[in-house]
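Engineer: Questions regarding the structure given below will be posed in turn.
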Amino acid sequence: MRRSLTSAVFSQRRRDTVILAAAILLLLVGLSFVWVASLELPTLSAVRERKVSESTKIYDRTGKTLLYDVNQNVKRTVIPFEEISRHIKNATIAIEDREFYEHRGVKPRSMLRALLKNTSTLQFSQGGSTITQQVVKNSLLSGEKKVTRKIKEIVLALKLERTLSKDEILSLYLNEIPYGGSIYGAEEASQTFFGKSAAEVDLAEAAYLAALPKAPTFYSPYGVHRDKLEERKNLVLDLMQQYSFISEEEYRAARKEQVFFQPKKSSSIKAPHFIFFVLDYLERRYGENLLQNGGLRVKTTLDYNIQEKAEDIARRNALANKEKFNAENAAFVVIDPKTGDIFSMVGSRDYFDNEIDGNFNIATAYRQPGSTFKPFVYSTAFLKGYTPETVLFDLPTQFAAECAPDNFDSENNCYAPSNYDNRNRGPITLRESLAQSINITSVKTLYLAGVRDSIALARQMGISTLEDPNRYGLTLVLGGGEVSLLDLTSAYSVFANGGVRNPYRSVLEVTDKDGVILEQSELRPSGVLSPEIASTISDILSDNVARAPAFGETSYLYIPSRQVAVKTGTTNDYRDAWIIGYTPSIAIGAWAGNNDNSPMEKKVAGFIVAPMWRELMDQILPLLPNEAFPTPSREDSFELKPVLRGRWEGGTSHLIDTVSGKFATRYTPKETTKELLSGGVYSILYWVDKDNPRGVQPARPENDSQFRLWEYGVQKWVADNNKFQPVEITLPQGLDDVHTPENAPKVSISIPSDTFSSSDQIVARVSAAGRYPLRKAEYFVNGAFVGESSVSPFSFTLNPADLDFLGENNTLRVVVTDSVYNRGEAEKTFHLIPSETLPNI
């Protein structure tokens, strides 16, 4: 009885809860209808008049030169529904709204799915819109993403479905939809892209058209995402086959068809490759709708003066190279290393030249860089402790561990690269190897530096590709990976900027239609390479003496009036010619070749691409300050292993004093120190652990997998050159007894006072005596050399007014050298005060 009573009470409560919930639901529905009724809705009479968009305008870095008006000269040709190809209609329905002819304007399930995705952000960025809703949205409503706009869209879509037929709605859609920039409607898109009417468009062309409206800028056939456009076109065809719009035979034929796009017309766009690069960034940042209709004002980094020069030079030189070297295309990137600003981007000799697929942007395409990758490898080696004076042997070398050291056949997985001139130079320093772009020693340098570490440094400096180090081997240093001209020029900017990276940027400021700043670019510098190594690379790449044996003393790479660092690169198959050159103020990268990847004449980059790079550099440099790279310090200590300081004749060092004929001591001056080497001639792997070159000599160098391969060539070279055979050396007995503290000159210095004014002359008198005749006295103030005298007794007159580095307290130091280079020194401190504060005497 009690159980029945409890059950009845529970049932009553459940009924009450259901009734209450239903009442609340009815109330909410009623309120919703009242709210919807109160909304200010546009009239359907406006649906045939497309809403006026506020066009985005893109300017150069001055904000004055208009480069592109996104919606300038809007083009739209309205045609009857019957004159639109059935392929366009079917392709559009397949990708946009396959249930178009079945629903009544909205699809609740799709809207619910989009709503669930939007609830976490309240951004309402997910669509779920039918074609009918898109007609309403494009014709009547603003682009704001609010709940009220979505409800208006739904209500108007339901009304539109009761007012117009499905074919009329689809006709409106296909005549209104944006296909990119100023192109609206299927007819205008067909004429612009394919040079034919919408009625004549075939299946493959229709699939391309249907792929565009989702993101016209991103998928533009004139933009930088042609591969993504191809993927989406194939998706359209897949869906058309899936929904039985086309047969299997039609599907296969359309997938295979090669569609040619008409060249983009040139009337209203400047720097087109750069503009589409910027548009792609803006579309990703702000969305297609705001970009197309939001009235943005974009100030870019482009220097239009430089851009015009670069376009002209690229066009003229590409046409000349076509006749001389079978290289019909060219590209430029110009970057400010101190900011990362892209001053110029030229992606082909002519964006509008359909003959060479000119709208394709080579500046952002991935190609093999040839020897221009080498500086990253040498930088990594210097980081590990190798020096520019480190000696490697430029000799025929087999690098594949599974091959015999004398097998120089490129087949059977063996790897034995040759130099660009098929010559071998024997022992060569890393400085000479990089400056002259010697391949064999560069591969050895990569082995010493490490593939993984070299890739890691290159990525830190701005090379965005080469993601998986396991894919690459020793061919990497000769251009075995793929990079873009933009990335490469940006990465070289790190060398130009003393090791500090400023990521490249294309946009300085974006404001909305009301002048509100949406984006203002800020510098994001980061130190990715030590200043010492950056200056070392710049010093090597600007060393005309070091590169002269390969390029000559008056090549295009040498600019007498400026210090310019430069590196060229040519791929082994002569498909790409590169050159990157820079000063502290500018970095210019240039490429020459063919878009279809066909080979050029077998000439190195110095002949093909260097002239156009030099021409642009000559025009830009007068606009910039004359800046020099910092001078790197040079390690010149006998504590370094001989092989790390330019000595290869042996690895065991014996230091002899040439005056006494005995072993040198720590007092022996460098001028009288002679080094004798013993131990024999070997490759560097005999003397150093590749991962710790300054550590102890390897006990078993043969354990290194490359040792026997490198050693084979070295020992053969030694045997073929008798003068380099090891010789017996006679070592002296005893230690240097000429250069001792006791034999050093005894020096004292006197000055009239310890306080002077800036207008005084300071006369310093030196008293010095020693066992050997005195040679000279050198004078230093606060560590800076200020003069010398060579006649004893020594004296020196100092004029404070001539020295801008003096302070209140200063130190005068004199160093006296005798005839055998013993040295003695003395110091004196003096004070300097303004003349008006001195007491009257």
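The values are calculated or read from the model by the stated rules, or taken from the named source; none is laboratory data. Nothing here was measured: the structure is a model prediction, and the numbers come from that model. A quick note on method: Cβ atoms are made from the backbone with ideal geometry, for glycine too, and the neighbour counts reach across all protein chains shown. Protein only, heavy atoms only, side chains kept; ligands, DNA and RNA dropped before computing areas. Shrake-Rupley method; radii C 1.70, N 1.55, O 1.52, S 1.80 Å.
Engineer: With +1 on the Cβ of every Lys and Arg and -1 on the Cβ of every Asp and Glu, and nothing else charged, how large is the dipole of segment 337-469 about its Cα centre, in debye rounded to the nearest 20? Intermediate results must be reported in sequence, preceding the final value.
Structural biologist: Numbers: 11 positive and 16 negative charges, 124 e Å.
That gives a dipole near 600 debye.
Engineer: Can you tell me how segment 624-701 classifies by the Cα gyration tensor, rounded, prolate or oblate, using a/c under 1.5 as the rounded cut?
Structural biologist: Working: a/c = 2.69, a/b = 1.19, b/c = 2.25.
Oblate.
Engineer: Angle check, please: helix 226-242 long axis (alpha carbons) against the longest principal axis of the chain (alpha carbons), in degrees 0 to 90, nearest 10.
Structural biologist: Once rounded, the angle reads 30 degrees.
Engineer: Over the heavy atoms of K670, what accessible area does a 1.4 Å probe trace out, to the nearest 10 Å²?
Structural biologist: For K670, solvent-accessible area is about 120 Å².
Engineer: Also: With labels modelled as points extended 7 Å from the Cα through the Cβ direction, what inter-label distance (nm, one decimal) is found for S767 paired with R255?
Structural biologist: For S767 paired with R255, the spin-label model returns 10.1 nm.
Engineer: So, one more: Specify the angular offset, from 0 to 90 degrees and rounded to the nearest 10, of the alpha carbon long axis of helix 86-96 from the longest principal axis of the alpha carbons in the chain.
Structural biologist: 70
Engineer: List the pairs from K196/K233; K64/K214; K384/K567; K57/K89; K374/K670 whose alpha-carbon separation is above 24 Å, in the order I gave them. Don't skip to the answer; put the middle values down first.
Structural biologist: Numbers: K196/K233 19 Å; K64/K214 32 Å; K384/K567 22 Å; K57/K89 33 Å; K374/K670 35 Å.
Checking Cα-Cα distances, K64/K214; K57/K89; K374/K670 exceed 24 Å.
Engineer: Something else now. Place a point 7 Å from Cα of S795 in the direction of its Cβ. Which residues in segment 727-768 have their backbone N less than 17 Å from it?
Structural biologist: Residues 748-753, 761-768 qualify, since their backbone N sits under 17 Å from the label point.
Engineer: Please report, in whole Å, how far the alpha carbons of segment 344-496 spread along each principal axis, starting with the longest.
Structural biologist: 52, 35, 29
Engineer: Around V820, under 11 Å between beta carbons, what's the net of Lys plus Arg minus Asp minus Glu among the other residues? Intermediate values should be presented prior to the final figure.
Structural biologist: Values: positive: R771, R775, R823; negative: D657, E671, D736, D818.
Charge balance in the 11 Å sphere: -1.
Engineer: Given R₀ = 45 Å, FRET efficiency for E601-E675 by Cβ-Cβ distance, to 0.05? Walk me through the intermediate numbers first.
Structural biologist: Details: r = 48 Å, r/R0 = 1.06.
Once rounded, the FRET efficiency stands at 0.40.
Engineer: How much accessible surface area, in Å² rounded to 10, belongs to the heavy atoms of K322 with a 1.4 Å probe?
Structural biologist: 70
Engineer: How many angstrom lie between the Cα centre of segment 503-541 and the Cα centre of segment 241-294?
Structural biologist: 30
Engineer: Further question on the same structure: Provide the gained length on full extension for the span N407 to L523, in nm with one decimal, where the gain is 0.36 nm per separating residue minus the Cα-Cα distance.
Structural biologist: Details: separation 116, 0.36 × 116 = 41.76 nm, distance 5.24 nm.
Here the segment from N407 to L523 would lengthen by 36.5 nm.
Engineer: I'd like to know which of F408, F607, F376 lies farthest towards the positive end of the charge dipole of the chain, counting +1 on Cβ of Lys and Arg and -1 on Cβ of Asp and Glu.
Structural biologist: F376
Engineer: Using +1 on the beta carbon of Lys and Arg, -1 on that of Asp and Glu, and nothing else charged, what's the dipole of the chain about the Cα centre, debye to 20?
Structural biologist: Numbers: 96 positive and 103 negative charges, 625 e Å.
In debye, rounded to 20, the chain gives about 3000.
Engineer: Still on this structure, I have one more. Pop out the Kirkwood hydrodynamic radius of segment 229-322 from its pairwise C-alpha distances, inverse of mean 1/r, in Å to one decimal.
Structural biologist: Numbers: mean 1/r = 0.0573 Å⁻¹.
About 17.5 Å, per the Kirkwood formula over Cα pairs.
Engineer: Compute the signed sum of charges (Lys and Arg +1, Asp and Glu -1) over the other residues within less than 15 Å, Cβ to Cβ, of L434. Kindly include the intermediate steps, with their values, before the conclusion.
Structural biologist: Values: positive: K374, R425, R431, K444, R547, K567; negative: E389, D394, E432, D539, D543.
Cβ neighbours under 15 Å give a net charge of +1.
Engineer: Can you compute the modelled spin-label distance between S705 and K746, with each label point 7 Å from Cα toward Cβ, in nm?
Structural biologist: Each label point is offset 7 Å from its Cα along the Cβ direction, giving 6.6 nm.
Engineer: Lysines within cross-link reach of K746: Cα-Cα under 16 Å, excluding same-chain residues under 8 positions apart?
Structural biologist: Result set, ordered by chain and number: K776, K828.
Engineer: Let me ask something additional. Grab the other residues whose beta carbon is less than 10 angstrom from that of F193, score K and R as +1, D and E as -1, and report the net. Before the final figure, lay out each step's value.
Structural biologist: Working: positive: K196, K264; negative: E188, E205.
Summing Lys and Arg as +1 and Asp and Glu as -1 gives 0.
Engineer: Choose one of V820, N743, I559: the residue whose Cα lies farthest towards the positive end of the charge dipole of the chain (beta-carbon charges +1 Lys, Arg; -1 Asp, Glu; about the Cα centre).
Structural biologist: Comparing the listed Cα positions along the dipole, I559 ranks first.
Engineer: I've got another one for you. May I ask for the percentage of alpha-carbon pairs in the chain that lie more than 47 Å from each other?
Structural biologist: Details: 164532 of 353220 pairs.
Percentage above 47 Å: 47.
Engineer: In degrees, nearest 10, range 0 to 90: what is the angle between the Cα axis of helix 707-720 and the longest Cα principal axis of the chain?
Structural biologist: 40
Engineer: How far, in nm, would the chain grow between K214 and E323 when pulled straight, counting 0.36 nm per residue and subtracting the alpha carbon separation? Write out the running numbers ahead of the final one.
Structural biologist: Values: separation 109, 0.36 × 109 = 39.24 nm, distance 4.28 nm.
Between K214 and E323, full extension yields an extra 35.0 nm.
Engineer: Tell me which of A435, L676, L319 sits at the most positive position along the dipole axis of the chain, charges placed on C-beta atoms (Lys, Arg +1; Asp, Glu -1).
Structural biologist: Of the listed residues, the answer is L319.
Engineer: Sticking with this one: Note down the accessible area of L158, probe 1.4 Å, to the nearest 10 Å².
Structural biologist: Result for L158: roughly 60 Å² accessible.
Engineer: Work out how much length S819 to Q715 would gain on full extension: take 0.36 nm times their residue separation and subtract the Cα-Cα distance, in nm to one decimal. Walk me through the numbers before you get to the answer.
Structural biologist: Values: separation 104, 0.36 × 104 = 37.44 nm, distance 4.34 nm.
Net length gain for the segment: 33.1 nm.
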